[in-house]
Amino acid sequence: METQHCLQTLLDTKFVHFIDAPSLALIMPIVQRAFQDRSTDTRKMAAQIIGNMYSLTDQKVGNHTDVNIAVLFYILNIVTNVCALADENEYVRDTALRAGQRIISMYAETAIALLLPELEQGLFDDLWRIRFSSVQLLGDLLFHISGVTGKMTTETASEDDNFGTAQSTKAIIGALGAERRNRVLSGLYMGRSDIQLVVRQASLHVWKIVVSNTPRTLREILPTLFTLLLGFLASTCPDKRTIAARTLGDLVKKLGEKILPEIIPILEEGLRSDKSDERQGVCIGLSEIMKSTSKDAVLVFSESLVPTVRKALCDPLEEVREAAAKTFEQLHTTIGHQALDDILPTLLKQLEDEETSEFALDGLKQVMAVKSRSVLPYLVPKLTAPPVNTRVLAFLSAVAGDALTRHLGVILPALLSSLKDKLGSEECLQELSNCQTVVLSVEDEVGQRIIIEDLLEATRGADAGLRQASVTILNGYFSRTRLDYSAHTRRLLSGLMRLMNDPNPEVLNQSWDTINSITKGVTCILPVLREGVLTGSPEQKEEAARALGGVIKLTSAEALRPSVVNITGPLIRILGDRFAWTVKTALLETLTLLLAKVGIALKPFLPQLQTTFLKALQDSSRAVRLRAAESLGQLVSIHTKVDPLFTEQLLAIRNAEDSGVRETMLQALRFVIQGAGAKVDPTIRKNITTTLLGMLGHDEVQLLFYLFIYIYIYIYIQGLKLTFSLTKEELKNVLQQHVLADVSGVDWMVRHGRSLTLAIAVKSAPDQLCSEEYSSTVLEAVLSSATADRIPIACSGIRAMGYLMRHQLRTGGPESISPRIITQFLKCLQNQSSDIRLVTERMLWWVCKEAETPALEPSLVKPVIKALLDNTKDKNTSVRAQSEHTLVSLLRLRQGEDGMQSINAILDTASNELLSECYRRSLKKISSLPDSNEEIDDTILT
């Protein structure tokens, strides 16, 4: 603001005297500062003041005092150096230019020594507007000196036409002196090659008017011009280097190739400079010279040019190597294949030198970037010959472009061979990375097809190493490529599936990973299955739902989450329509699997899912109802408020008229109770207990059994495990009245229900039932059930023995098992009832099937093993088959033969022979197969 106020004061001041030194000392610092201000208005005001100053001076034309000249020189210095001529505001630029022109018209003869240095400096400024204005002002000065007008037109067919005269040339030399005249004309000639059109046009206009003969003048100013050119070539300003390079080319064109002997040595010397910018400029200059030189002339000087280019391609500075590559491009364009022979072998050799390898490699890359179609055919045979240089191939392929595709037939076998040799070594990862870089550099469809076909073909060969190498490269390619390869998917999957039979585990892994990369996880198959569910026939809907379930089983939760909305929506929609029970069960099973896998990700669908599952619980098909019950058990895990769900279920149970529907509703309640845990409100818990206990007098026997089970599963899981709000006395009463009560005189069906309840209670809450307070009572109740005359009660007791035995094994080890349980198991294995023998074998199999369960002591299990061996010859097929699976479980044959050897040491000869025979016949084969995941709890409806 202060500067602007001062300027306004100056503009408003009326001067009554001419400019003198004191006035200048006061005014000029303010004006100079104003020209540097950011404000356009401030700079405008400064320009107006400059204009007023030279008008004041104009009144003293007759008296050219030293003071006036100093004032004008100061003004011109501001005009040029304070960048007024380059200001973005047109008014400021025009005012500055008019001020300069007026000064020159007034002092062209008397103040040349002061004016010319500033104009020369402006000719070579980095800012093109200053160069443009300086050319205009210099032209005005030269026109005034030579006595010609610059207003004439110079537009002719040839840029080398001249309008200058001998007299004008003589006048300029007389006024400026030869040295300064050469420097001024050199600057004008370089302006003819400026990057800005207006600068080129202005320079050409002035040159044509003041120069009488261009070739002769060029020869006269050549030493001065070359000094300036080398300075420009060494400049940090890219524009100046380009101007110098263009000027060099134009010089060769104008003066002919005979000046090359003078130019080339100068450029060679420049390449040895310590200044990187100068070395870069030399490369640019060489390119321009060769563009303007015939092939023959270049060949004559090739002995000098080739080493220069070769050296520049290995320069430590990347910018120099990049410029040298363009020089190589021009050299190759001029002399052809000889450029390859003269330069590339040396570059390849320098790759072996640790000091130059990095620079040489980048030099090759720069050459490839500008001339890949010519360079690649030369390099490929050399790089693919053993030992294959995959490092250089990878580096160069990044800039090879489409030219790489033409050589894939040679490159791919070389890559495979090299990777095969490195498999299993420390160099393998780096070699694989190089191979991947090469194939990923191919970006056209033809190249992609060649890669796929050639690598798949290699996977069919007899050489295991090549098969592994090819599928490894395929895996790396498809895990990273962005190209569309859908047209090749069928062929790829067919070839990769065939590799699933390969004996090499690494080939299998790589093939599987490649298939995953190609199919992009589940996203590729989900749209197909979704359409099958939505628009297919009933049979197709069922198959699509089951296939979707299979996909969900095999896919991780993380991979499924992005597709949850696309999967769930169609399944819910179709479940609401009227379709066959087979379709609905398939859809419910799939939704259950999805809930188990992604859980909380389905929270947005919670209301729709709950409504759908509750509706399915009342379906006429038992299979649909059972699936819906299982689905509700999974759904409750993502519920935050489960009370409304329990309320709705209890209401449905009370109102259900069909016993089959009520039965499956009770199963659903069981699953929901198990899943809800501590989420259930105490009031709702009480309602559940009251409702179920109130139904105990129901006439339907089957329903009665299951009611007992559900009540006590609820009590034990919710009460014992989660410290349900029962007092110890209340809990004791419940156990004594319903679970551990005296069974004498009780109807066998009621006793059966209690035995089922006891078994599930032991399975669900063994820690509480095996506590010191209840353990002995529970053991007696379990053994009482297992020895009952009624087979259903005995089977429930045997199951309870199994649940109890596994708990004792896992908490206290083999020594904690009650001998009475082992004795009873032995008796049950020898029972006359095949049902009892079968359930006993199944429980023993279940107890020992998990690896984390401690193994039974050989001495403890010896009689059981002998009984099982006897059962391998049982008349009942199921008993016979199950005994073999139980032996595998007891002897831990899936973990090795140590358990069998321990038993062999204590068995008698006959039993050992029977065990060996059984092992050869069936146990060995069974132990090689995955174990069954069959549900052991038969109280779960199926």
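The values are calculated or read from the model by the stated rules, or taken from the named source; none is laboratory data. What you are looking at is a predicted structure, and each value in this text was computed from that prediction instead of being measured. Cβ placement follows ideal geometry from the backbone for every residue including glycine, while neighbour counts extend to all protein chains displayed. Side chains are part of the model used for accessible areas, which takes the heavy atoms of the whole protein and leaves out ligands, DNA and RNA. Shrake-Rupley method; radii C 1.70, N 1.55, O 1.52, S 1.80 Å.
Mean separation of Cα pairs under 8 Å and 6+ residues apart, divided by the residue count of the range 388-511: what relative contact order is that in percent? All intermediate terms of the calculation are to be shown ahead of the outcome.
Working: 121 pairs, mean separation 31.7, N = 124.
Normalised by residue count, the contact order of the range 388-511 is 26 percent.
What ratio of Cα Rg to 2.2 N^0.38 Å holds for the chain? Each step should come with its number before you reach the end.
Numbers: Rg = 49.0 Å, N = 942, 2.2 N^0.38 = 29.7 Å.
In units of the 2.2 N^0.38 Å rule of thumb, it is 1.65.
Summing Lys, Arg as +1 and Asp, Glu as -1, what charge do residues with Cβ under 13 Å from the Cβ of P345 carry, P345 excluded?
Details: positive: R310, K349, K382; negative: D341, D342, E352.
For residues surrounding P345, the net value is 0.
Report, in whole Å, the centroid distance computed from the Cα atoms of the range 247-296 and the range 816-886.
Centre-to-centre (Cα) distance: 98 Å.
Mind listing the phi-derived Karplus ³J(HN,Hα) values for the range 418-429, rounded to whole Hz, using 6.51, -1.76 and 1.60 with θ = phi - 60°, and x for any glycine or proline?
Calculated HN-Hα couplings, in order: 5, 5, 4, 5, 9, 4, x, 9, 5, 7, 4, 4 Hz.
Per residue, what accessible area does the chain have, given a 1.4 Å probe and all protein chains present, in Å²? Each step should come with its number before you reach the end.
Details: 42800 Å² over 942 residues.
Roughly 45 Å² per residue, with all protein chains present.
Could you order peptides 340-347, 760-767 by the average number of other Cβ atoms within 10 Å of their residues, highest first? Intermediate results must be reported in sequence, preceding the final value.
On the way: 340-347: 17.6, 760-767: 21.0.
Top of the packing list down: 760-767, 340-347.
Tell me, what is the percent relative contact order of the chain, built from C-alpha pairs under 8 Å that lie six or more residues apart? All intermediate terms of the calculation are to be shown ahead of the outcome.
Details: 1145 pairs, mean separation 34.5, N = 942.
Contact order relative to length: 4 percent.
Can you give me the Cα centroid spacing of the range 459-537 and the range 891-905 in angstrom?
41
Provide the per-residue ³J(HN,Hα) series for the range 625-642, in order, calculated from phi with Karplus coefficients 6.51, -1.76, 1.60 and θ = phi - 60°, each as a whole number of Hz, with x at glycine and proline positions.
4, 5, 5, 5, 4, 4, 5, 4, x, 7, 5, 5, 5, 9, 7, 9, 10, 8
Can you list the HN-Hα couplings for the range 468-474, worked out from phi with the Karplus curve (6.51, -1.76, 1.60; θ = phi - 60°), rounded to whole Hz and with x for Gly and Pro?
5, 4, 5, 6, 5, 5, 4
Need one value: the accessible area of V750 in square angstrom, 1.4 angstrom probe, rounded to the nearest 10.
For V750, solvent-accessible area is about 40 Å².
Under 1.5 on a/c is rounded, so check that first for the range 388-511, then, if it is not, pick prolate when a/b is larger than b/c and oblate when it is not; a ≥ b ≥ c are the square roots of the alpha carbon gyration tensor eigenvalues. Don't jump to the answer; show the numbers that get you there.
Details: a/c = 1.85, a/b = 1.15, b/c = 1.60.
Verdict is oblate for the range 388-511.
Which order do peptides 41-48, 318-325, 742-749, 195-202 fall in by mean Cβ count within 10 Å, highest first? Please list the in-between numbers first.
Numbers: 41-48: 21.0, 318-325: 22.5, 742-749: 11.1, 195-202: 17.0.
Highest to lowest by the protection proxy: 318-325, 41-48, 195-202, 742-749.
Post the alpha-carbon centroid distance, the range 162-198 to the range 394-411, in whole angstrom.
Taking the Cα centre of each part, the range 162-198 and the range 394-411 sit 52 Å apart.
Divide by every residue of the chain the summed helix terms, -39500 (n - 2.57) for each DSSP H run of at least 4, and state the resulting mean residue ellipticity at 222 nm, rounded to the nearest 500 deg cm²/dmol.
Estimated from H runs of four or more residues: -22500 deg cm²/dmol.
Cα to Cα, under 30 Å, and not fewer than 8 places away if on the same chain: which lysines meet these conditions relative to K873?
Cα-Cα hits under 30 Å: K827, K849, K862, K924, K925.
What lysines sit close enough to K254 to cross-link, taking a C-alpha to C-alpha distance under 28 Å and skipping anything fewer than 8 places away on the same chain?
Straight-distance partners of K254: K151, K170, K208, K240, K291, K295, K326.
Find out how many positive minus negative residues lie around E318, taking Lys and Arg as positive, Asp and Glu as negative, among other residues whose Cβ is under 14 Å from that of E318. List each step's numbers first, then the result.
Numbers: positive: R279, R321, K326, K365; negative: D277, D315, E319, E322, E358, D362.
Summing Lys/Arg as +1 and Asp/Glu as -1 gives -2.
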